[in-house]
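Trainee: Would you mind keeping the following structure in view while I ask a few things?
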Amino acid sequence: TERSLVLVKPDGYRRGLTGEVLRRVEAKGYTLVALAVLTPSREQLTTHYAEHEGKPFYEPLLEFMSSGPVTAALIEGHGCIAGFRSLAGATDPTAAAPGTIRGDLGRDWGLAVQQNIVHGSDSPESAARETAIWFPTLG
Ligand code: ATP
């Protein structure tokens, strides 16, 4: 079965939405394989977001992501990579559909795209790469 690396970002953590995100993951039928609460290091974030280096939102994104704890979750289940991205909804919470995490819980304001509550791997390769970053002992 497939695995995906999910992050509840610092905005989700601060707003007390970690349990709500994990509840939706479990309600969908996915299994929690590993769970950790940690404040990301710069190195973890530059590796995780390497594909975005040089983009205008890159530095502010790293700053935001290191602003407090995140919850990293390794989840497992048939089709969970696309499945979790479907649960998460569109990147911009303003555009995300009701019923999705970002659509239901995301805030409609200036930094909504940056502070969009969750991250989920976008491919099996990303999932493997990201697992090594957030759960080095499992990577
Ligand atoms: P994620 O990979 O976190 O699930 P995603 O695949 O929906 O999100 P990406 O395009 O990979 O989105 O961007 C990664 C993250 O960078 C987004 O989740 C968001 O936090 C931030 N981001 C993306 N585009 C912007 C933007 N235009 N302005 C500010 N932040 C952005």
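The values are calculated or read from the model by the stated rules, or taken from the named source; none is laboratory data. Since the structure is predicted, the reported quantities are computational estimates derived from the model, not experimental observations. Every residue, glycine among them, receives a Cβ derived from its backbone with ideal geometry; neighbour counts consider all protein chains shown.
Trainee: Only one residue in E43, E76 is more than 15 Å from the ligand (Cβ to nearest atom), in contact with a Lys or Arg (Cβ under 6 Å, 6 or more places away or on another chain), within 18 Å of T137 (Cβ to Cβ) and of a type outside the set (S, T, N, Q). Which one? It would help to see each step written out before you state the result.
Mentor: Details: E43 fails: in contact with a Lys or Arg (Cβ under 6 Å, 6 or more places away or on another chain).
Exactly one of E43, E76 is more than 15 Å from the ligand (Cβ to nearest atom), in contact with a Lys or Arg (Cβ under 6 Å, 6 or more places away or on another chain), within 18 Å of T137 (Cβ to Cβ) and of a type outside the set (S, T, N, Q), namely E76.
Trainee: Would you mind stating whether P69 is at negative phi, modelled with pLDDT of 95 or more and exposed (fewer than 14 other Cβ atoms within 10 Å of the Cβ)? Talk me through it step by step, then tell me what you get.
Mentor: Numbers: at negative phi: yes; modelled with pLDDT of 95 or more: yes; exposed (fewer than 14 other Cβ atoms within 10 Å of the Cβ): no.
Taking the combined requirement at face value, the residue does not satisfy it.
Trainee: Go through (1) hydrophobic (A, V, I, L, M, F, W, C); (2) under 18 Å from G12 (Cβ atoms); (3) not in a loop (DSSP other than H, G, I, E, B) one by one and return the number of the condition I133 breaks.
Mentor: (2)
Trainee: Then there is this: Only one residue in A82, A34 is among the hydrophobic types (A, V, I, L, M, F, W, C), more than 11 Å from the ligand (Cβ to nearest atom), in a helix (DSSP H, G or I) and modelled with pLDDT of 95 or more. Which one? Even if it seems obvious, please write down each step before you answer.
Mentor: On the way: A34 fails: in a helix (DSSP H, G or I).
Selected residue: A82, the only one of A82, A34 that is among the hydrophobic types (A, V, I, L, M, F, W, C), more than 11 Å from the ligand (Cβ to nearest atom), in a helix (DSSP H, G or I) and modelled with pLDDT of 95 or more.
Trainee: Considering only residues that are surrounded by 14 or more Cβ atoms within 10 Å (Cβ to Cβ) and out of contact with any strand residue (DSSP E or B) (no Cβ under 9 Å at 6 or more places or on another chain), which ones fall in segment 32-45?
Mentor: L45
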